[in-house]
Structures are given as C-alpha cells and as structure tokens.
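See below for the structure under consideration.
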Amino acid sequence: MSLKHWPQLTALRGFEAAARLGSFHRAAEELHLTQSAISQQIRGLETYLEQPLFFREGRRVTLTDAGADLLVTTQSLLRQLSAGIRRLDQYRKPNQLIVNTTPAFARHWLVPRLGDFRQRQPLADVWLLTSEEVPDMSAQTIDIAVRDDLDAQAGCNHRHLLQDRLSAVCHPHLLALPATGRPTLHGEREMDWSHWRARGGEDVGQHPNGLNFSEPGQLLDAACQGLGLALASELLAAGARATGHLVPVSAQTVDGPRWSWLVHHDSERDPMVAEFCAWLLEALRAMDADQNPSSVLNRDPKVR
C-alpha cells in the first residue's frame, strides 16, 4: 500500500485519544478540537478501514475487536514518532561533538580517557557513535572518525595517526601452564594468528582451534579474563597491561593496523572539534613516549 493512501496522522491521533479516554468529548478537549472534528476523523478512519472501530453508547464509546487491535499499533507508532522527534534535539546542541569509532577502540582506549577530555572541555557534548562498518562521512552527521580501517573520503581531512603493533599476550595465571597447554583465542579479522606467522612471528604455543570472536574488543575482554592466549593490539591492550591483567608471552611484535582519522571539512573550523583532535594527538604522543609504538606521524596538533 502506498504511503499516500495511509490514514492521516491527525485521524490516528484522534482515534488513539478517544480509545484511551473512552470518549470523543474528552479526546476533543485533550487535542483542542471540537467533538464534531473528532467524530469526523473517526468516521473517516472507519470508512477507510471498512469496519467499525467503536461501539457508540450515548456519550461513551468502547472499542471493537478491530479497534483494540488498531490501538496497539497506533500507540506504538506514536511512541516511536515522539521518540524520533525528541532525538532531533541533539542536532541543535551548541557544543556537540560526534565521534565515530569501533566498539573495541571506544571500550578499551577512548572511553577510559574521555574523563580527561571532559575536564579540559567541560561544556563539550560528546556523542560517541560506534560501528563495525566504516561510516560514509558524506551521508552521516559525524565530525570525526577515528578507526583502524579508514581510507580517504571526499570532503574530509584524512590523516594517518599511528602504526600499531601486535603482540601475543595472556592473563598472568596462564603463564604457569606449558606453552602448548594454553587455550588459544582467535579473531575473525585479517590480523589473526595467520598474520602473525606470515610476518615471522615465533611459535608461542598457539593452536588452530579454540575460542573465536568476531569483535576485537570481545577477544581482548576474554584474554583479560584468562580464557586464553590472544594476539592483541598494543594500543588497545595498553590499559590491561598497565593494570597487570595481560602480560606478553614473547618479546616479539609484528605490524598491526594503521590508525587514522577522518575530519569532515564542515567541522574543521569548529573549535570543539579542533580541541578534540589536539587532545587526541596529545594522548597518542603520551603513549608513544611510554611504549614507543614508533609511529605517531606529523606531530603538529592543528587540524588542517
């Protein structure tokens, strides 16, 4: 059925009010209409549906079975519409900053550090939008994307930030087990144990079978809980290693993903976006100094 042939929204609102209140008169008062207008809306709706929606009993009305069914659908529709309209308020916030990233980067790196950014910019209204897929910056309302799977996009400043490294890690209590006796954790992304071997990584007791994860953050969580040996991003695992939840089982590392950002050209002049970019580079430089991942490029914090 074409949308243009659907009942009018005003008629559905009138129907919902009358059904909920059990009275055309009270529905008219709530919607600031005349009782005659409500009656006309209901008659038009019944004509369209070719069946009665109410039993008329003097000034009181009760729903037919069809009316009760329609009420459930109508109330659900109106709730969704109301929620959708309320969500639009977020696009009018004066200091809003919309950041897209992967769930793993958000959970294991960005969120633990957002408090520091908020201390510097207490008026910042940060909206963290995570996704497994790379966003289309031309079609979505996003100021900056920070990810390990980005290529250049039209209308955006694309900047390489960091060449990550991968290392074999596990929970400290697994070190008591022989190397071949440790369970192995696997990811479904391209940089799993096959990448480790292809890059010359040594045998650390990894097995072809074990637990498998489609999302890198879940794999890292599992490793922190002692479920097995994992090949982990040094950037994402930095917090867990600092707290002692993960330890390396080998001094060897191999090339990992390349982290970069996309800043939409329309957002580059926004002072809040510039502040976030400068803060992000500073935080990455601090990690570079502590761990020397050796690849924070172009250290000028200005967004160009």
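The values are calculated or read from the model by the stated rules, or taken from the named source; none is laboratory data. No experiment lies behind these values; they were computed from the predicted model shown. Virtual Cβ from ideal backbone geometry, glycine too; neighbours counted across all protein chains shown.
Evaluate the following for Leu236: is it in the same structural domain as Ser131 (by TED's automatic domain parsing) and not in a strand (DSSP E or B)?
Working: in the same structural domain as Ser131 (by TED's automatic domain parsing): yes; not in a strand (DSSP E or B): yes.
Answer is yes for this residue.
Could you check how many residues of region 113-146 are of a type in the set (D, E, K, R), surrounded by fewer than 20 Cβ atoms within 10 Å (Cβ to Cβ) and in contact (Cβ under 8 Å) with a residue 60 or more places away in the chain?
First, pick out the residues of region 113-146 that are of a type in the set (D, E, K, R): 113, 116, 118, 120, 125, 132-133, 136, 143.
Filter again for surrounded by fewer than 20 Cβ atoms within 10 Å (Cβ to Cβ), leaving 113, 116, 118, 120, 125, 132-133, 136.
Cutting the leftovers down to in contact (Cβ under 8 Å) with a residue 60 or more places away in the chain gives us 113, 116, 120, 132.
Here the count works out to 4.
For residues that are surrounded by fewer than 18 Cβ atoms within 10 Å (Cβ to Cβ) and not in a helix (DSSP H, G or I), scanning just region 160-182, find the one that is farthest from the chain's Cα centre (by Cα). Don't jump to the end; show me each part of the working.
Here is the first cut: in region 160-182, the ones surrounded by fewer than 18 Cβ atoms within 10 Å (Cβ to Cβ) are 160, 163, 172-173, 175-181.
If we keep only those that are not in a helix (DSSP H, G or I) too, we end up with 160, 163, 177-178.
Working: His160: 22, Gln163: 24, Leu177: 38, Pro178: 39 Å.
Ranking the candidates gives Pro178 first.
State whether one or more residues within region 25-32 are at pLDDT below 95 and surrounded by fewer than 13 Cβ atoms within 10 Å (Cβ to Cβ).
Kept after step one, since they are at pLDDT below 95, are these residues of region 25-32: 25-32.
Among the residues that remain, those that are also surrounded by fewer than 13 Cβ atoms within 10 Å (Cβ to Cβ) are: 32.
Scanning region 25-32, I find at least one residue that is at pLDDT below 95 and surrounded by fewer than 13 Cβ atoms within 10 Å (Cβ to Cβ), so the answer is yes.
Within region 22-46, can you find the residues that are of a type in the set (S, T, N, Q) and under 13 Å from Leu12 (Cα atoms)?
Filtering region 22-46 for residues of a type in the set (S, T, N, Q) gives 23, 34-36, 39-41.
Matches in region 22-46: Ser39, Gln40, Gln41.
Of the conditions (1) of a type in the set (A, V, I, L, M, F, W, C); (2) in contact with a Gly (Cβ under 9 Å, 6 or more places away or on another chain); (3) at pLDDT below 95, Val249 clears all except one; give me its number.
So the condition that Val249 fails would be (3).
Which condition number does Ala104 fail, the rest of (1) part of a helix (DSSP H, G or I); (2) out of contact with any strand residue (DSSP E or B) (no Cβ under 9 Å at 6 or more places or on another chain) being met?
(2)
For Asn209, only one of the following conditions fails: (1) in a loop (DSSP other than H, G, I, E, B); (2) farther than 30 Å from Arg87 by Cβ; (3) in contact with a strand residue (DSSP E or B) (Cβ under 6 Å, 6 or more places away or on another chain). What is its number?
(3)
Of the conditions (1) in a helix (DSSP H, G or I); (2) more than 19 Å from Gln252 (Cβ to Cβ), Ala139 satisfies every one except a single condition; which number is it?
The one condition Ala139 does not meet is (1).
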